[in-house]
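These notes concern the structure reproduced below.
The values are calculated or read from the model by the stated rules, or taken from the named source; none is laboratory data. Computed from a predicted model, the values in this text were never measured in an experiment. Cβ placement follows ideal geometry from the backbone for every residue including glycine, while neighbour counts extend to all protein chains displayed.
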Amino acid sequence: MKRLILGSRGSKLALWQADYVASQLSGIVPDLSVEVKVIKTKGDKILDVALSRIGDKGLFTREIENELLNGSIDMAIHSMKDLPSQLAPGLCIAAVLERENPGDVLISRQGYKFYDLPLGAIIGTSSLRRISQIRALRPDIVLVDMRGNVETRIKKMYEQELDGIVLAYAGVKRLGFENKISDFLPHEVILPAVGQGAIAIEVRQGDSPNLELAGRINHKPTDWATQTERSFLRVLEGGCQVPIGCYAEVKGENITVEGLVASLDGRRVFRGSMQGSCQEADLIGQQLAHYLLQKGAADVLAEIREAGE
């Protein structure tokens with residue numbers, strides 16, 4: 001019997017993802033014994049500071065990657081959007097599972113739709129990507145810091161009597177809170193984060209048996225799409241500290257990608273799209289990033305980084 005140890009964060013969502021990967025792997029190797037090892041990351045320990053203020057691109061991954069590198073685990077299971085655009089040396093993405101709907105949703109105590117939110121409505125989110133896009137459309141909305149897992153944020157919304165919170169649909173669905181959703185936010189309102197809704201399996205380079213095993217559950221369209229988004233992010237050198245959105249969609253042998261860079265106040269939004277062959281996924285993402293930089297996104301990114309130093 002082959003024994004496999006998966007490394008994961010300990011949140012309910014992270015464990016759901018790890019258990020899902022375990023079930024998929026066990027489905028193709030019936031005599032596989034899978035154990036999930038919970039690893040606490042820096043992002044799990046610092047809960048009272050907005051992610052954008054911590055300034056660390058490996059907040060939710062580094063400790064897991066370290067255990068992968070030292071052989072304590074065989075595979076690392078991540079929310080793709082948590083993975084830095086540059087992986088630690090010696091590691092690679094072995095598989096990406098089929099993506100859930102990558103969009104964001106509004107959960108409102110009063111059941112408000114986004115455009116029906118009253119003047120001066122108070123919304124909870126700590127994501128600069130969400131903050132800048134909301135400000136671009138509704139500068140009247142008051143945005144307050146909101147961190148924690150899905151259940152915690154819903155609880156805080158009621159305790160603090162907020163008008164709503166914005167979350168990723170994938171996490172809301174996977175944890176069974178779909179009945180709380182008051183509005184699905186289209187990409188015209190909020191473009192998703194890079195990799196949002198996708199689960200990534202990371203392994204050691206050269207670990208042929210586990211590369212082959214994980215590869216058997218790889219979903220190629222999602223793999224192509226997230227490659228495109230991650231190449232977009234890599235050029236912009238963005239993370240939680242920068243308002244960047246990107247979404248790529250595969251149709252047949254072609255891929256379309258839409259990307260966005262915005263100022264923190266939402267007054268300057270640089271948005272564009274490109275399409276091409278899936279075989280050029282990485283190149284298309286890079287080209288879109290350079291296009292936005294030339295349009296003026298470079299100035300916005302420089303200002304944000306300067307303000308953060």
*asked:* Among the residues in the stretch 28-45, are any at pLDDT 90 or above and either in a helix (DSSP H, G or I) or in the same structural domain as Glu178 (by TED's automatic domain parsing) (or both)?
replied: yes
Checked the stretch 133-180 for anything among the aliphatic types (A, V, I, L, M), over 14 Å from Ile123 (Cα atoms) and in contact with a strand residue (DSSP E or B) (Cβ under 8 Å, 6 or more places away or on another chain); matches are Ala136, Val150, Ala168, Val172
Mind checking whether some residue in the stretch 205-212 is part of a loop (DSSP other than H, G, I, E, B) and of a type in the set (A, V, I, L, M, F, W, C)?
-> no
- Query: Does any residue of the stretch 206-216 turn out to be farther than 30 Å from Leu264 by Cβ and in contact with an Asp or Glu (Cβ under 6 Å, 6 or more places away or on another chain)?
  - Reply: yes
Taking the stretch 154-168 and keeping only residues that are surrounded by fewer than 19 Cβ atoms within 10 Å (Cβ to Cβ) and within 26 Å of Asp82 (Cβ to Cβ), one is left with Lys155, Lys156, Gln160
Checked Phe60, Phe114 against criteria (touching a His at 6+ places or on another chain (Cβ under 9 Å) and of a type in the set (Phe, Trp, Tyr)); the one match is Phe60
Taking first residues from the stretch 94-107 that are part of a strand (DSSP E or B) and second residues anywhere that are basic (Lys, Arg), the pairs with Cβ under 7 Å that are 6 or more apart or on different chains are Asp104/Arg130; Ile107/Lys180
Going through the stretch 134-153 in order, the residues found to be more than 17 Å from Asp116 (Cα to Cα), surrounded by fewer than 20 Cβ atoms within 10 Å (Cβ to Cβ) and not charged (D, E, K, R) are Val144, Gly148, Asn149, Thr152
Here the qualifying pairs (Cβ atoms under 6 Å; residues six or more apart or on different chains; first in the stretch 193-222 and hydrophobic (A, V, I, L, M, F, W, C); second surrounded by fewer than 24 Cβ atoms within 10 Å (Cβ to Cβ) and in a loop (DSSP other than H, G, I, E, B)) come out as Ala198/Arg99; Ile199/Leu97
Exactly one of Ala225, Ala289, Ala297, Ala281 is within 19 Å of Ala168 (Cα to Cα), outside the structural domain of Ala18 (by TED's automatic domain parsing), surrounded by 15 or more Cβ atoms within 10 Å (Cβ to Cβ) and in contact (Cβ under 8 Å) with a residue 24 or more places away in the chain, and that one is Ala225
Of the conditions (1) over 14 Å from the mean Cα position of the chain (by Cα); (2) assigned to a helix (DSSP H, G or I), the single one that Ile255 does not satisfy is (2)
Over the stretch 258-284, the set of residues part of a strand (DSSP E or B), among the polar types (S, T, N, Q) and under 25 Å from Ser132 (Cα atoms) is Ser273
